[in-house]
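Peer 1: Pasting a structure here, questions to come.
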Amino acid sequence: MSSESVTTSVADGVATVKLSEPESRNALSGAMLAGLQAALAELHSDPSVGSVVLTGSGGHFASGANLRELRETSPGAYLTGPRGDAWAAVRDFPKPLVAAVAGFALGGGCELALSCDVVIAGDRSVFGQPEVQVGLVPGAGGTQRWARTCGPYEAATIVLAGRTVSVWEGRRMGLVQRVVPEACVVQAAEDVARTFLSSAPLAVRHAKRALRLSQELPLGAALEQERTLLATLLASEDLQEGVSAFLEKRTPIFRGR
Amino acid sequence: MKGSDVVEHAFRRTADGPVVTLTVASADTGRLGSTEELIAGLKVARRAEASCLVLGSHDGVFCRGAPLSVDEGRSVSEGRVAGMWARQHLVPLLQLLHEFPAPVVAAVEGPAYGLGLSLALLADVRIGGQSARFSTADPEAGGVAVGLPWLLAHRVPASAGYMLMAGAVFEAGEALRLGLLSEVVSGDVAERAGALVETLVAAGPSVRTTLTSLRHVRSLPLEEALLYDSYAAEGAVSARQAADSR
């Protein structure tokens, strides 16, 4: 389950997707994004995979868009091209996504980390949106997710100045959930990804969706959606199994139905 | 880069093997020299993956404080000038030092006043000659210093309040008692700093993990710090296993 730019491995219910172009610091070229989209599509339909770790190679997460490629792209081609679909595939991926960030997570690389549900980062990693310094703006959620993650005022210092922040500042801002030694970042992310596996898969998907809606809808509408999501689970086999196991004091066996 | 200067700059900056020495004070004034030069030197040292950085003294002076005029002769007695200069020049310099990925040793001779004390406190190991003396204030002229309350609180918590409020000059012996120095050297300070550097370099990669813990992990909540340490231990064991299997 691999392309030239993206490799995938699966162990014990956790898939690890690796961006594998170390010579470009895993720049998010069209080919890279297409590889990522394809990998996520396979993992979406693989019932043996409960959660996914997304990481880079060569000591970095991802350095952002391929600027040479982007410079040659017309506005129309950008808007109608496949990049939007690839980013939507990340955004709408229903299973928990854990970013394992080492080194640089800049521009699109930073947006990719921000698109994940949890960010585990190495103790030397660096985050930032430097787009304005080359005449662009973030185009894959950077302006929106920084503001939602750490508030509009902190976001302004990063997005408007093209400033980078160390992992320690990222931890303080709430972007990073755990800082670990750089060499162990993938293991630590896989450990976090594994913690989701004992939960009912359908419930995890619905809960993830509800969390996402909290960033997109007004509170009243989001609460209504949350109630609807709960209601749809009332007819699930997993709920029956979960309650039975709780009452019988045993470990539940969920089937995701 | 062994055996050659790291870069040609106005200040004495030499590379001895993977060890980079920066002399922070200007030879003319004994005050902080060009921040651009120092920042450039730190970046070069970082790119060259220096295994140790020494902040050295020059002619018996570590650093008397910040320069009294900046940006083409503008006086730091103007608040706006002082503040802008501190934010644009000092803060990046101090942050770079704080994040330098290898051990930083301060070899202090003579005054480390105001900003000089900030620079010394940013070092991971500080040694001082008999002539070393420290003050949070800049006794001569009130040059700009930043970071002292934070640094004193984090580096020598027991004596921080006393030092800040007393505003006195502490000689080497008292500085040792207060925890500003790890030792007072009776002989050649630079020679002793060289021996210390040898020890740190010989300790290998584990020094960097320790540095991160000293500088950053302490700011995490205990549970996260313990988790960090558990992965550090895991990494160390894995590295040993890999070395053994080769």
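The values are calculated or read from the model by the stated rules, or taken from the named source; none is laboratory data. Here the structure is a predicted model, which is why all the values come from computation and not from measurement. Cβ: placed from backbone, ideal geometry, glycine included. Neighbour counts: every protein chain shown.
Peer 1: Away from chain A (no Cβ under 11 Å), touching a residue at least 60 places away in the same chain (Cβ under 8 Å), part of a helix (DSSP H, G or I) and basic (K, R): is that true of B:R192 in this structure? Break it down into steps so the answer makes sense when it comes.
Peer 2: Values: away from chain A (no Cβ under 11 Å): yes; touching a residue at least 60 places away in the same chain (Cβ under 8 Å): yes; part of a helix (DSSP H, G or I): yes; basic (K, R): yes.
Criteria met by B:R192.
Peer 1: Go through the range A:135-164 and give me each residue that's within 14 Å of another protein chain (Cβ to nearest Cβ) and either closer than 29 Å to A:A193 by Cα or touching a residue at least 60 places away in the same chain (Cβ under 8 Å) (or both).
Peer 2: Step one: list which residues in the range A:135-164 are within 14 Å of another protein chain (Cβ to nearest Cβ), which gives A:157, A:161, A:163-164.
Residue satisfying the conditions is A:T164 alone.
Peer 1: Within the range A:105-134, restricting attention to residues that are surrounded by fewer than 23 Cβ atoms within 10 Å (Cβ to Cβ) and more than 14 Å from chain B (Cβ to nearest Cβ), which residue is farthest from A:T149 (Cα to Cα)?
Peer 2: A:V134
Peer 1: Also: Would you confirm, using the coordinates I've provided, whether B:A102 is surrounded by 15 or more Cβ atoms within 10 Å (Cβ to Cβ), at pLDDT 80 or above and within 14 Å of chain A (Cβ to nearest Cβ)?
Peer 2: Details: surrounded by 15 or more Cβ atoms within 10 Å (Cβ to Cβ): yes; at pLDDT 80 or above: yes; within 14 Å of chain A (Cβ to nearest Cβ): yes.
So B:A102 fits the description; yes.
Residue by residue, here is whether (1) hydrophobic (A, V, I, L, M, F, W, C); (2) modelled with pLDDT under 90; (3) under 30 Å from B:G204 (Cα atoms) holds:
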position: B:H9; (1), (2), (3): no, yes, yes
position: B:S69; (1), (2), (3): no, yes, no
position: B:S77; (1), (2), (3): no, yes, no
position: B:R87; (1), (2), (3): no, yes, no
position: B:L94; (1), (2), (3): yes, no, yes
position: B:E109; (1), (2), (3): no, no, yes
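Peer 1: Test A:A203 against the stated conditions and say whether it is touching an Asp or Glu at 6+ places or on another chain (Cβ under 9 Å), small (G, A, S) and closer than 20 Å to A:G13 by Cα. It would help to see each step written out before you state the result.
Peer 2: On the way: touching an Asp or Glu at 6+ places or on another chain (Cβ under 9 Å): yes; small (G, A, S): yes; closer than 20 Å to A:G13 by Cα: yes.
Taking the combined requirement at face value, the residue satisfies it.
Peer 1: I'd like to check something: does the range A:180-192 contain any residue that is under 17 Å from A:F93 (Cβ atoms) and more than 14 Å from chain B (Cβ to nearest Cβ)?
Peer 2: No: the range A:180-192 contains no residue that is under 17 Å from A:F93 (Cβ atoms) and more than 14 Å from chain B (Cβ to nearest Cβ).
Peer 1: Next up: Does A:E224 qualify as being in a helix (DSSP H, G or I), without any contact (Cβ under 8 Å) to a residue 24 or more places away in the chain and either out of contact with any Gly (no Cβ under 9 Å at 6 or more places or on another chain) or not basic (K, R) (or both)?
Peer 2: Working: in a helix (DSSP H, G or I): yes; without any contact (Cβ under 8 Å) to a residue 24 or more places away in the chain: yes; either out of contact with any Gly (no Cβ under 9 Å at 6 or more places or on another chain) or not basic (K, R) (or both): yes.
Against the criterion (in a helix (DSSP H, G or I), without any contact (Cβ under 8 Å) to a residue 24 or more places away in the chain and either out of contact with any Gly (no Cβ under 9 Å at 6 or more places or on another chain) or not basic (K, R) (or both)), A:E224 qualifies.
Peer 1: Among the residues of the range A:202-239 satisfying the criterion of being in contact with a Pro (Cβ under 8 Å, 6 or more places away or on another chain) and not hydrophobic (A, V, I, L, M, F, W, C), which is farthest from A:D123 (Cα to Cα)?
Peer 2: First pass over the range A:202-239, keeping only residues in contact with a Pro (Cβ under 8 Å, 6 or more places away or on another chain): A:204-205, A:208-209, A:238.
Narrowing further to those that are not hydrophobic (A, V, I, L, M, F, W, C): A:205, A:208-209, A:238.
Details: A:R205: 30, A:K208: 27, A:R209: 30, A:D238: 39 Å.
Filtering the range A:202-239 for residues that are in contact with a Pro (Cβ under 8 Å, 6 or more places away or on another chain) and not hydrophobic (A, V, I, L, M, F, W, C), the one farthest from A:D123 (Cα to Cα) comes out as A:D238.
Peer 1: Against the condition modelled with pLDDT of 95 or more, over 23 Å from A:L211 (Cα atoms) and either loosely packed, with under 14 Cβ neighbours inside 10 Å or in contact with a Leu (Cβ under 7 Å, 6 or more places away or on another chain) (or both), how does A:S63 come out, does it pass? Quick ask: steps written out before the conclusion?
Peer 2: Working: modelled with pLDDT of 95 or more: no; over 23 Å from A:L211 (Cα atoms): yes; either loosely packed, with under 14 Cβ neighbours inside 10 Å or in contact with a Leu (Cβ under 7 Å, 6 or more places away or on another chain) (or both): yes.
Spelling it out, it is not the case that A:S63 is modelled with pLDDT of 95 or more, over 23 Å from A:L211 (Cα atoms) and either loosely packed, with under 14 Cβ neighbours inside 10 Å or in contact with a Leu (Cβ under 7 Å, 6 or more places away or on another chain) (or both).
Peer 1: Just to check your reading of the model, which residue among B:R31, B:R80, B:R64, B:R87 is away from chain A (no Cβ under 14 Å) and surrounded by fewer than 21 Cβ atoms within 10 Å (Cβ to Cβ)? Steps first, answer last, please.
Peer 2: On the way: B:R31 fails: surrounded by fewer than 21 Cβ atoms within 10 Å (Cβ to Cβ); B:R64 fails: surrounded by fewer than 21 Cβ atoms within 10 Å (Cβ to Cβ); B:R87 fails: away from chain A (no Cβ under 14 Å).
Residue meeting the stated conditions: B:R80.
Peer 1: May I pose another question? Could you pull out the residue among A:V53, A:V98 that is closer than 18 Å to A:E21 by Cα and in a strand (DSSP E or B)? Before you say what the answer is, go through the steps one by one.
Peer 2: Working: A:V98 fails: closer than 18 Å to A:E21 by Cα.
Unique residue meeting the criteria: A:V53.
Peer 1: Where residues in the range B:197-215 are in contact with a strand residue (DSSP E or B) (Cβ under 6 Å, 6 or more places away or on another chain) and crowded, with 19+ Cβ neighbours inside 10 Å, which of them is nearest to the other protein chains (Cβ to nearest Cβ)?
Peer 2: Let us first name the residues in the range B:197-215 that are in contact with a strand residue (DSSP E or B) (Cβ under 6 Å, 6 or more places away or on another chain), namely B:197, B:200-201.
Next, only the ones that are crowded, with 19+ Cβ neighbours inside 10 Å stay: B:197, B:200.
On the way: B:V197: 22, B:L200: 19 Å.
For the range B:197-215, the residue satisfying everything is B:L200.
Peer 1: Kindly indicate whether A:Q240 is in a helix (DSSP H, G or I), farther than 28 Å from A:P138 by Cα, among the polar types (S, T, N, Q) and out of contact with any Asp or Glu (no Cβ under 8 Å at 6 or more places or on another chain). Don't jump to the end; show me each part of the working.
Peer 2: Values: in a helix (DSSP H, G or I): yes; farther than 28 Å from A:P138 by Cα: yes; among the polar types (S, T, N, Q): yes; out of contact with any Asp or Glu (no Cβ under 8 Å at 6 or more places or on another chain): yes.
The answer is yes for A:Q240.
Peer 1: Considering only residues that are touching a Pro at 6+ places or on another chain (Cβ under 9 Å) and of a type in the set (A, V, I, L, M, F, W, C), which ones fall in the range A:13-68? Break it down into steps so the answer makes sense when it comes.
Peer 2: Of the range A:13-68, the ones touching a Pro at 6+ places or on another chain (Cβ under 9 Å) are A:30, A:33-34, A:37, A:44, A:47, A:50-52, A:56-60, A:64.
Answer for the range A:13-68, where residues must be touching a Pro at 6+ places or on another chain (Cβ under 9 Å) and of a type in the set (A, V, I, L, M, F, W, C): A:L33, A:A34, A:V52.
Peer 1: Search the range A:165-179 for residues being of a type in the set (A, V, I, L, M, F, W, C) and within 11 Å of chain B (Cβ to nearest Cβ), and hand back the single one that is farthest from the chain's Cα centre (by Cα). Explain how you work it out, then say what you get.
Peer 2: Residues of the range A:165-179 that are of a type in the set (A, V, I, L, M, F, W, C), as a first pass: A:165, A:167-168, A:173, A:175-176, A:179.
Applying the additional criterion that residues be within 11 Å of chain B (Cβ to nearest Cβ) yields A:167-168, A:176, A:179.
Values: A:V167: 17, A:W168: 20, A:V176: 12, A:V179: 17 Å.
The extreme case among them is A:W168.
Peer 1: Using the structure shown, decide if B:L180 is in contact with a helix residue (DSSP H, G or I) (Cβ under 8 Å, 6 or more places away or on another chain) and either buried (at least 16 other Cβ atoms within 10 Å of the Cβ) or modelled with pLDDT of 75 or more (or both). Please lay out each step first, then the result.
Peer 2: Details: in contact with a helix residue (DSSP H, G or I) (Cβ under 8 Å, 6 or more places away or on another chain): yes; either buried (at least 16 other Cβ atoms within 10 Å of the Cβ) or modelled with pLDDT of 75 or more (or both): yes.
Yes.
Peer 1: Follow-up question, since we're still on this one. Give the range B:216-228 a look and list any residue that's assigned to a helix (DSSP H, G or I) and more than 9 Å from chain A (Cβ to nearest Cβ), or say none. Walk me through how you get there before you give the answer.
Peer 2: Going residue by residue through the range B:216-228, those that are assigned to a helix (DSSP H, G or I) are B:217-219, B:222-228.
Correct list: B:R218, B:L222, B:E223, B:A225, B:L226.
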